[in-house]
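Since the structure comes first, as structure tokens, the remarks are kept for the end.
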Amino acid sequence: MHVTDPLVEEYRRTHPKSQELHERAVRAFAANGATHQARVLDPFRPYVTHATGSHKWDVDGNEYIDYVLGHGALILGHGHPAVVQAVQEQMAKGVHYGENHELEVEWAELIKSMMPVAERVEFCACGQEANLMAIRLARIFTGRKKILRFAENFHGWADEVVRVGSAGVVADEVDVIPFNDLARVEEALARREYAVLMTEGGGAHMSGQAPLDVDFVRTLPGLTKKYGTVWLLDEVVTGFRDAPGGWQSTVDVRPDLATIGKCAGGGLPVGAVLGRAEIMEALSPRTPPEQRISHSGTWNANPLLCAAGIAACKLYLDGRPQKRARELADYLRARGNQVLKDRGIKGRLYCRTVVHFYLGPIDYEPSDDTAPPTKDIKKIMNREMAPIQTRLGLHLLQRGVATMDARFFILSAVHSEQDIDQTMDAFADSLDAMLAEGSVPEELRAG
Ligand SMILES: Cc1ncc(COP(=O)(O)O)c(C=O)c1O
């Protein structure tokens, strides 16, 4: 028997042109018509025509408050005037000279001025590429092959950085251990076989869905140094989002290497490795060939990207966009957590400018709502909650709020309090609808 779902029916009715595009897309793109795993949705995600500030619109004229924001790249919002102007002017002057140019130097200097780890900067095309470059640098520097990573930490989709055991992946040199467990880290490092220890800025998934203990992180520079391993901090999400100096500046640690991406490019695709000059020396043509990395890459530091990156980084310098995004995140969490408490739903919004949504037992009430209400990583990462969040994400889309399956809300400096009020009304309304339709399981209902 075919059971119709009123929400899906209503969504299809209000998104007819998106549905048509989706039907074309499934014949082009194998991932159910999507071009990124996070854009896969049953029945389909909206097809967007344009965006400005904190809002975007789809082919059917529906408007959304956007909490996806270029997968976290757009802390300045869509189409920031300074970035648009810089890109337009540069477009007319030349997109790609295939030569060195002043903009790349200016951009690297700006990055160096904000992130002291950047004794040297190496640009590439995206965050994952930066991580792969960092791994190779560490291997050459240490003369070791093996990679140590933390469970759940995300660094991209390539063999050495994706989840071990994923289909088609060969990652013989990778070991994965739990994080926040100092004894396990020391035990592993003491074997003196790891070239690099990779750590995601803030914690696992988008700046810390499962947060890193700050005390734990602060021991990593000393421990890695003691056992001759390079410590790499992946700040692809947190770089320039948390602070001008990245998450490393907020917790006051100095890695050997850091990677950035997303916000660094002002909305254009970028990755970069920042790090100690002696480690980066492998890129020098004066280094003997057997110790050298020959780095190519058509899009490395192209002028268009540099123009956007410079415009954005100039705005990051004084920390104002980051501060504004944090204030708005505070406001969103406060309103959203009240919505959950009023309905007796076991869940919390937490974390910094990427506000994560946890559903599950409240083990304790943290004094600071940037922390989740449990320390149990299994509960935080409980995959059984995914269908409930996906359902909520569809309810939110239908009410003009775009998230990635309601897993998190990515804030920018250009959301307004009014946006958040509207979002939290939609959040409340969606949860009420889910309570009424019976899609919030009993275990998530208080008492
Ligand atoms: C922490 C982290 N590292 C690396 C990456 C990969 O970056 P990119 O998608 O630019 O390759 C991501 C992407 O979301 C990320 O969140």
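The values are calculated or read from the model by the stated rules, or taken from the named source; none is laboratory data. Keep in mind the model is a prediction, meaning the values are calculated, not measured. Cβ sites come from the backbone with ideal geometry, for glycine too, and all protein chains shown count toward neighbours. Each accessible area value is taken on the protein alone, full model and side chains, heavy atoms only, with ligands, DNA and RNA left out. Shrake-Rupley method; radii C 1.70, N 1.55, O 1.52, S 1.80 Å.
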* Structure fact -> In degrees rounded to 10, the 0-90 angle between helix 127-142 Cα long axis and the longest Cα principal axis of the chain is 30
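Extension gain Ala277-Ser113, at 0.36 nm per residue separation less the Cα-Cα distance, in nm?
My answer for the length gained is 57.5 nm.
Quick one: net charge of Glu235's neighbours, Cβ under 12 Å, K/R +1, D/E -1?
Value of the local net charge: -1.
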* How big is the gap, in Å, between the Cα center of the stretch 204-262 and the Cα center of the stretch 302-359? -> 19
* Structure fact -> Applying the gyration tensor rule to the Cα atoms of the stretch 192-335 (axes a ≥ b ≥ c; rounded if a/c under 1.5, else prolate if a/b exceeds b/c, else oblate), the class is oblate
* Asked: What is the magnitude of the charge dipole of the chain about its Cα centre, with +1 placed on the Cβ of each Lys and Arg, -1 on the Cβ of each Asp and Glu, and no other charges, expressed in debye to the nearest 20?
  -> 660
* Provide the per residue accessible area, probe 1.4 Å, for the stretch 296-399, rounded to a whole number of square angstrom. => 42
* **Selection of chymotrypsin sites (Phe, Trp or Tyr not before Pro), the stretch 274-373, meeting DSSP coil and at most 14 other Cβ within 10 Å** => Tyr364
* Can you send over the carbon and sulfur percentage of the accessible area for the stretch 262-367, probe radius 1.4 Å, protein chains only? => 51
* Asked: Modelled label-to-label distance, Arg192 and Asp421, 7 Å Cα→beta-carbon offset: nm?
  -> 6.4
* Structure fact -> Across Ala30, Ala108, Ala325, the residue with the highest GNM fluctuation in the chain (Cα network, 10 Å cutoff) is Ala30
* Asked: Extension gain Ala31-Leu182, at 0.36 nm per residue separation less the Cα-Cα distance, in nm?
  -> 50.4 nm
* Run the numbers on the stretch 245-390 and let me know its relative contact order in percent, using alpha-carbon pairs under 8 Å that are six or more apart. => 12
* Would you mind getting me the FRET efficiency between Glu63 and Val3? Use the beta-carbon distance for r and R0 = 41 Å, nearest 0.05. => 0.85
* Asked: So for the stretch 275-429, what percent of the C-alpha to C-alpha distances run longer than 24 Å?
  -> 51
* Could you tell me the distance between the Cα centroids of the stretch 10-25 and the stretch 271-289, to the nearest Å? => 49
* Using a 1.4 Å probe, what is the accessible area per residue for the stretch 17-166, in Å²? -> 50
* Any idea how far the Cα center of the stretch 49-71 sits from the one of the stretch 420-447, in Å? -> 23
* Treat every Asp and Glu Cβ in the stretch 41-159 as -1 and every Lys and Arg Cβ as +1, leave all other atoms uncharged, and give the resulting dipole magnitude about the Cα centre to the nearest 20 debye. => 760
* Just the number, please: carbon plus sulfur as a percent of the accessible area of the stretch 1-151, 1.4 Å probe, no ligands or DNA/RNA counted. => 53
* Asked: In this model, which of Lys225/Lys262; Lys145/Lys375; Lys56/Lys379; Lys112/Lys225; Lys262/Lys378; Lys112/Lys226 are farther than 31 Å apart at the alpha-carbon?
  -> Lys145/Lys375; Lys56/Lys379
* What distance in nm separates the simple spin-label points at Asp213 and His71, each placed 7 Å from Cα in the Cβ direction? -> 3.2
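Taking the Cα centre of the stretch 52-121 as origin, work out the dipole magnitude from +1 charges on Lys and Arg Cβ and -1 charges on Asp and Glu Cβ, in debye rounded to 20. Don't skip to the end; give the middle numbers.
On the way: 4 positive and 11 negative charges, 24 e Å.
Dipole about the Cα centre, nearest 20: 120 debye.
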* Dipole of the chain, positive end: most advanced residue of Phe240, Ala446, Tyr194 [Cβ charges, Cα centre] -> Tyr194
* Lys225 paired with Lys17, simple spin-label distance in nm, labels 7 Å along Cα-to-beta-carbon -> 5.9
* **Loop-located GluC sites (Glu not before Pro) in the stretch 95-127 whose Cβ has at most 10 other Cβ within 10 Å (DSSP)** => Glu99
* To do: Would you mind counting up the charge near Leu7? Only other residues with Cβ under 12 Å from its Cβ, with Lys and Arg at +1 and Asp and Glu at -1.
  => -1
* How much net charge surrounds Pro387 when only other residues with a Cβ under 11 Å from its Cβ are counted (Lys, Arg +1; Asp, Glu -1)? -> -1
